[in-house]
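Heads up, the thing below is written out as structure tokens.
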Amino acid sequence: LHLGGDDLPVPFTAPRTAFNSPLTPERSVAVLDLSLDRLHNIAHHAAVTINDVLLELCDQAMIRYLDEHGGAPDEPLIAQMPVSLRRPGVEQGNQITIAILELGSKETNPVRRLQDIHNHASDVKHEFTDMTPETAETYTLLMQSVAQLGETLGAGRLLPPLGNVVISNVIGPRKQLYLRGARLLAIYPISTIAPGLALNITIFTCQNTLHVGLVAGKSAIPDLEPIAANLHAALDDLESAMGIKSKRKRKRKPARTRKKKAR
């Protein structure tokens, strides 16, 4: 295979974490919303893409979770990220590959981590742009087949993981949608888990909101709510580190209700 230059990460070099634990049939699920305006504002100030910002938030949320549950690795986490191979003028069919993307160092501040992720993502996208779609698809098939074979044969613990998480960002409708007069409020993606992994984070953008679906193997991550909370905290931390005033909407306090006394 001709795989372009030297910017593609070497496969099967991810650190082993709780996100690479053996799976059982049970799953944990959590969902949350993020403001597209807030992410767009960060991306504009940092001269990066919204996808870069999402990757940094996920990275920071996972590192914080690992620190609270046994310790994060010294090496950067590795994400598997679907990348579109669709060429201009091609309108039908799925043409994607799975890129292996090195995230940021846990020792860096959020702004530096964001820039590192932006650089890594740019390098990987450049490499896949130089490939033919057939080469990129063969590369993905080969890597995923080896990972699946290792898991099937029970040899997954003998090889370093291919990655630590799958992170996917899907662009949805830009305008308001309705079904028989009912307004669409949210679409939360509940995706699958890749071989050798126990965590999937999929984001579906609908109008001005990013609807995030977290899916994990329950034996590896019994409760995903801490990671969901970490994503919100990571967004606050990144805005604070960049000196950006948050556009977060404050929740109104629920109205107090007085209990009627029995007569």
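The values are calculated or read from the model by the stated rules, or taken from the named source; none is laboratory data. All of these numbers come straight from a predicted model, not from anything done at the bench. Note: ideal-geometry Cβ built from the backbone for every residue, glycine included; neighbour counts use all protein chains shown.
Within the range 109-141, being in contact (Cβ under 8 Å) with a residue 60 or more places away in the chain and not in a helix (DSSP H, G or I) holds for Asn109, Met131. Entry remark, the range 182-241: residues being outside any loop (DSSP other than H, G, I, E, B) and without any contact (Cβ under 8 Å) to a residue 24 or more places away in the chain number 5 in total. Evaluating Pro161 against the criteria (1) over 27 Å from Asp37 (Cβ atoms); (2) under 14 Å from the mean Cα position of the chain (by Cα) leaves one unmet condition, (2). Just so you know, in the range 196-230 the residues that are polar (S, T, N, Q) and farther than 21 Å from Met81 by Cα include one that is modelled with the lowest pLDDT, and it is Gln207. Being more than 17 Å from the chain's Cα centre (by Cα) and at pLDDT 90 or above is a condition met by no residue of the range 96-107.
Would you check if there is a residue in the range 172-190 being of a type in the set (S, T, N, Q), modelled with pLDDT of 90 or more and over 17 Å from Asn51 (Cα atoms)? Looking for residues that are of a type in the set (S, T, N, Q), modelled with pLDDT of 90 or more and over 17 Å from Asn51 (Cα atoms), one finds at least one in the range 172-190, hence yes.
Within the set Leu149, Leu158, the sole residue that is closer than 21 Å to Arg16 by Cα and loosely packed, with under 12 Cβ neighbours inside 10 Å turns out to be Leu158. The C-beta contact set for the range 142-154 (first residue within 18 Å of Ile98 (Cα to Cα) and among the aliphatic types (A, V, I, L, M), second residue modelled with pLDDT of 70 or more and surrounded by 15 or more Cβ atoms within 10 Å (Cβ to Cβ), distance under 7 angstrom, 6+ apart or interchain) comprises Met143/Pro11; Met143/Leu162; Ala147/Leu162; Ala147/Pro195; Ala147/Gly196.
Quick one: how many residues across the range 18-48 are assigned to a loop (DSSP other than H, G, I, E, B) and either out of contact with any helix residue (DSSP H, G or I) (no Cβ under 6 Å at 6 or more places or on another chain) or modelled with pLDDT under 95 (or both)? So the answer is 7. Taken over the range 170-212, residues that are surrounded by fewer than 14 Cβ atoms within 10 Å (Cβ to Cβ), within 30 Å of Gly150 (Cβ to Cβ) and among the hydroxyl-bearing types (Ser, Thr, Tyr) amount to 1. A residue that is within 13 Å of the chain's Cα centre (by Cα) and among the aliphatic types (A, V, I, L, M) can be found somewhere in the range 67-77.
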